[in-house]
Amino acid sequence: MLSSKFNLFWIALLITVVSCRKEAFDAYYGRPDWLASPIYQQLDSMGDFKKYLSCIELSGYKNTLGTAGSWTVFAPTDQAFDQFMKENGISDVAKIDAKLAEKIVRSSMIYDGERLEKLNDYFSAKGWQQGFAFRRRSVYYDFVESETMMNGKVRKFVSTNRGADKTYISTENNNKHITYFFEGFMSQRGLGKEDYYAFYPSSTYSGLNVGPANIVNDRSNMVAENGYIHVVDKVLFPEKSIDQYLTGNANYSTFKSILDFFATYNYSADITRKNEVLTGERDSVFIKGYTGIGLALNNENYAKEDPNDAQTNNFSITAPNNQAINDYAKRVLLKYYPSGTTLKDLFYTNPTVLTEFINSHLYNAQVWPSQFSQAQNFVGELPKITTANVKETKLLSNGAFYGTDACQQANVFHSVYGNVLLDPKYSFMRRALERMSMNLTLKIPTIRYMLILVSDQKLYEMGFDYDAYNTSDPIRFNGGNGTPEMREVLMAHIIPLGNDPLPDLSGKGILESYAGEYVKFNQMKMSSSGTLNGPTETQQIRIDSISIGNNLSGPLNGVAVYLNGGLSSSNTNIGFFLKNIGADQASSPFNSFYKYLIASTLYSVTDGVVKGIELGLNYTMLIPNNEAIASAVANNDLPTATAPTAQADIDKVTRFIQYHIARNSFAIDGKKTGYFQSLCKDIDGNAQSLQVVLNQVNRLQLKDNKNRVIETDVPQSNQLGQRVMVHLINGYLNHGL
């Protein structure tokens with residue numbers, strides 16, 4: 001009996017102790033009385049979210065929103081649901097299936113619970129950056145989509161979650177984003193209600209908008225255990241991506257068909273298996289991406305240079321309608337192709353044209369309607385189209401969409417380079433220009449050029465060929481590597497114009513090429529040092545036509561000249577060149593100087609090279625006429641003998657010749673003046689200079705170290721040697737040493 005009482009005592013004591021400890025545990029670890037209930041429970045208690053709660057339950061998100069976590073929820077009221085169902089022909093909430101409910105619920109949720117005032121802050125890898133964000137990643141993403149191919153078969157795919165030519169990341173989803181319009185963010189950037197109404201003409205701008213909805217001001221920032229609730233007056237629904245919108249809109253089918261040329265489909269075993277587990281379907285699933293253009297318009301993640309950079313920016317596009325593209329293709333893109341050529345044919349023969357076309361319509365930034373005219377596209381150009389051309393404006397899940405009735409007139413197509421790029425007869429020249437990056441400045445509208453076009457056939461006749469399979473150098477010249485020779489040829493065909501007027505090629509003149517060599521024109525014919533060194537019948541090459549652009553087509557940064565052949569640089573060294581122009585003849589005004597030159601220590605008899613004149617550089621040789629040489633001898637500035645033996649006289653001849661060779665080239669063309677270094681140096685190694693004091697189209701004056709002014713003999717000047725411009729002067733230059 002005593003033992004039983006003793007046991008009952010210890011049992012009662014143990015129960016008391018355990019009970020006390022449980023109370024202490026609950027007091028420390030239990031749910032605090034002050035903690036707000038989770039999102040689901042709060043919405044349930046409010047009474048006007050029954051339809052939204054029904055969707056939460058149907059979509060399987062009751063547990064997610066009813067327990068721990070961190071979410072921001074834009075919760076639509078029953079009144080908002082009534083409007084949504086009416087607009088979509090849904091008679092009763094019971095008609096909403098699980099798939100639709102999931103879209104609604106997941107589109108209303110964004111990751112991390114945030115108060116409204118924090119949503120404009122950018123959560124970057126470096127920390128919070130205040131006032132930079134206007135978008136957030138929602139919980140919703142599309143998974144496997146279907147499309148019908150040209151052969152009638154259905155293809156399954158998922159959209160890439162990275163940019164064009166970037167690798168798909170299998171561990172990430174391609175979540176769509178929600179855009180919001182808060183007054184503070186808008187006003188700081190000069191944006192206003194007109195920007196909002198352009199995207200959402202049927203909504204009301206309050207400065208507290210999320211997509212087409214208003215946030216109910218006195219029902220926001222409601223704290224929940226697992227985040228924040230902001231009540232909205234419209235149901236948020238996932239917008240299509242730009243790629244999806246183009247796919248479903250027949251007005252832009254031509255533009256979409258061009259985009260499709262650059263689409264890539266890569267089989268994914270991992271996604272195929274995942275789709276089979278989720279759906280039971282065993283179809284192969286591909287990853288759809290893009291290559292060769294600036295943006296992947298199905299990517300929802302913006303650049304992803306920072307994990308959350310889509311919070312601060314967006315893509316944009318101006319998409320021309322079918323008629324606009326058909327007109328532009330006929331007028332520009334297919335201008336040089338035979339009738340019946342299609343854009344598909346163009347893609348397979350010259351895809352660069354369509355790459356440039358597409359990129360000119362892409363913007364790697366959010367383009368706001370009120371700032372449309374200041375936006376730079378993917379290639380750095382301002383819009384040529386105006387807001388009057390914009391017929392449709394939408395804000396899609398990954399970018400701003402502007403449907404237009406005109407195409408962007410890309411600079412490249414309306415530059416001198418455009419004539420090469422667009423005309424298939426000049427594809428070899430195009431490839432060579434691109435390979436050497438010489439096409440880049442030719443596309444810039446503010447830099448003016450005369451581009452002389454040489455057809456593929458003429459380049460073949462010059463000894464060039466193109467072998468795409470030769471990886472070391474696909475440009476071939478007479479069987480060997482041909483890039484150096486082609487570079488020389490191309491540079492002779494590019495004439496910088498600066499601010500000069502377009503040359504009248506029906507007249508007569510001289511032009512400086514890209515590399516500093518000069519070419520001549522005379523009554524619609526052209527010549528260079530190389531052609532003038534050849535047979536008489538090919539010394540001057542006929543100009544077939546000239547292309548000057550207008551607002552519809554053609555170059556706007558200069559003139560394109562179609563030549564019936566190619567210009568080249570001479571391979572004849574200067575000594576032999578002088579002989580070729582008759583300097584070895586006693587009757588030549590160059591003869592006296594020539595005799596001193598070929599007898600000097602500067603001259604190589606075997607190859608005609610003059611020491612100091614280096615290959616690849618430009619020079620001007622100023623040759624005193626015979627009378628001037630006689631005057632120099634009389635003044636003891638030259639010895640009497642052309643081949644003296646005394647060292648002092650040898651040095652005198654050397655310095656005399658060197659002072660008449662200037663570094664860099666200048667023609668009698670009314671352009672270059674100023675000081676030019678000569679090859680002559682003093683005892684300390686200082687180069688001696690001469691000065692061009694007057695340069696007109698028919699007159700050139702020089703000044704030497706003695707301040708003497710010497711005139712040139714214009715008819716005997718502007719002679720084109722191998723990177724050497726030769727002028728005859730009516731006196732000699734005195735270096736004064």
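Below is a table of values for the structure above.
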item	result
Search result, residues across region 475-505 that are buried (at least 16 other Cβ atoms within 10 Å of the Cβ), in contact (Cβ under 8 Å) with a residue 40 or more places away in the chain and either on the phi > 0 side of the Ramachandran plot or assigned to a loop (DSSP other than H, G, I, E, B) (or both)	His493, Leu497, Pro503, Leu505
Test: residue in region 581-595 that is part of a helix (DSSP H, G or I), within 50 Å of the chain's Cα centre (by Cα) and surrounded by fewer than 18 Cβ atoms within 10 Å (Cβ to Cβ)	no
Those residues of region 422-463 which are of a type in the set (Ser, Thr, Tyr) and in contact with a strand residue (DSSP E or B) (Cβ under 7 Å, 6 or more places away or on another chain), in sequence order	Tyr426, Tyr449
Region 290-319, subset outside any loop (DSSP other than H, G, I, E, B) and in contact with a helix residue (DSSP H, G or I) (Cβ under 6 Å, 6 or more places away or on another chain), residue nearest to His177 (Cα to Cα)	Ile317
Meets criteria (surrounded by fewer than 20 Cβ atoms within 10 Å (Cβ to Cβ) and either over 16 Å from Asp243 (Cβ atoms) or modelled with pLDDT of 95 or more (or both)) for Val144	yes
So Asp165, is it surrounded by fewer than 16 Cβ atoms within 10 Å (Cβ to Cβ) and either at pLDDT 95 or above or farther than 24 Å from Asn226 by Cβ (or both)	yes
Hits in region 74-88 - residues which are within 19 Å of Ser220 (Cβ to Cβ) and touching a strand residue (DSSP E or B) at 6+ places or on another chain (Cβ under 9 Å)	Phe74, Ala75, Pro76, Thr77, Ala80
Odd one out for Val609, checked against (1) under 23 Å from His493 (Cα atoms); (2) touching a helix residue (DSSP H, G or I) at 6+ places or on another chain (Cβ under 8 Å); (3) hydrophobic (A, V, I, L, M, F, W, C); (4) in the same structural domain as Asn718 (by TED's automatic domain parsing)	(1)
Region 83-116, subset in contact with a helix residue (DSSP H, G or I) (Cβ under 8 Å, 6 or more places away or on another chain) and among the acidic types (Asp, Glu), residue surrounded by the most Cβ atoms within 10 Å (Cβ to Cβ)	Glu102
Those residues of region 407-430 which are assigned to a helix (DSSP H, G or I) and either in contact with a Phe, Trp or Tyr (Cβ under 6 Å, 6 or more places away or on another chain) or over 26 Å from Met462 (Cβ atoms) (or both), in sequence order	Asn411, Val412, Phe413, His414, Val416, Val420, Leu422, Phe428
Positions within region 173-182 being at pLDDT 95 or above and either in a loop (DSSP other than H, G, I, E, B) or over 30 Å from Glu117 (Cα atoms) (or both), in sequence order	Asn174, Asn175, Lys176
Whichever residue in region 120-156 is of a type in the set (S, T, N, Q) and not in a loop (DSSP other than H, G, I, E, B) and, among such residues, is nearest to the chain's Cα centre (by Cα)	Ser124
Residue match in region 529-537 (condition: over 20 Å from Met436 (Cβ atoms), surrounded by fewer than 14 Cβ atoms within 10 Å (Cβ to Cβ) and under 35 Å from the mean Cα position of the chain (by Cα))	no
Counted residues, region 506-518 - those being buried (at least 18 other Cβ atoms within 10 Å of the Cβ) and part of a strand (DSSP E or B)	4
Selection count where residues are surrounded by 13 or more Cβ atoms within 10 Å (Cβ to Cβ), farther than 15 Å from Gly292 by Cβ and polar (S, T, N, Q), scope region 335-378	7
Thr601 at pLDDT below 95 and more than 44 Å from the chain's Cα centre (by Cα)	no
Region 367-401, residues that are over 19 Å from Asn313 (Cβ atoms) and assigned to a strand (DSSP E or B)	Val390, Lys391, Glu392
Condition met for Ser108 (closer than 30 Å to Thr160 by Cα and in contact with a Leu (Cβ under 7 Å, 6 or more places away or on another chain))	yes
Top-ranked residue of region 519-528 - restricted to ones that are more than 35 Å from the chain's Cα centre (by Cα) and assigned to a loop (DSSP other than H, G, I, E, B), ranked as farthest from Lys458 (Cα to Cα)	Gln523
Inter-residue pairs, beta-carbon under 8 Å, first closer than 9 Å to Pro238 by Cβ and in region 99-112, second charged (D, E, K, R), 6+ apart	Ser107/Lys176
Selection count, region 703-726, where residues are in contact with an Asp or Glu (Cβ under 8 Å, 6 or more places away or on another chain) and either assigned to a strand (DSSP E or B) or without any contact (Cβ under 8 Å) to a residue 60 or more places away in the chain (or both)	2
Candidate set from region 60-80 (those that are free of Cβ contacts under 8 Å to residues at least 24 places away in the same chain and surrounded by 15 or more Cβ atoms within 10 Å (Cβ to Cβ)); member that is farthest from Lys118 (Cα to Cα)	Lys62
Lone qualifier among Ala667, Ala648, Ala628 - being in a helix (DSSP H, G or I), under 22 Å from Val714 (Cβ atoms) and modelled with pLDDT of 95 or more	Ala628
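Rundown of residues vs (1) at pLDDT 95 or above; (2) surrounded by fewer than 19 Cβ atoms within 10 Å (Cβ to Cβ); (3) within 25 Å of the chain's Cα centre (by Cα), yes/no style:
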position	(1), (2), (3)
Lys234	yes, no, no
Ala250	yes, yes, no
Thr264	yes, yes, yes
Asp270	yes, yes, no
Ile317	yes, no, yes
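The values are calculated or read from the model by the stated rules, or taken from the named source; none is laboratory data. In this text the structure is predicted, and so the values were computed from the model without any measurement. Positions of Cβ are generated from backbone atoms using ideal geometry, with glycine treated the same way; all protein chains shown enter the neighbour counts.
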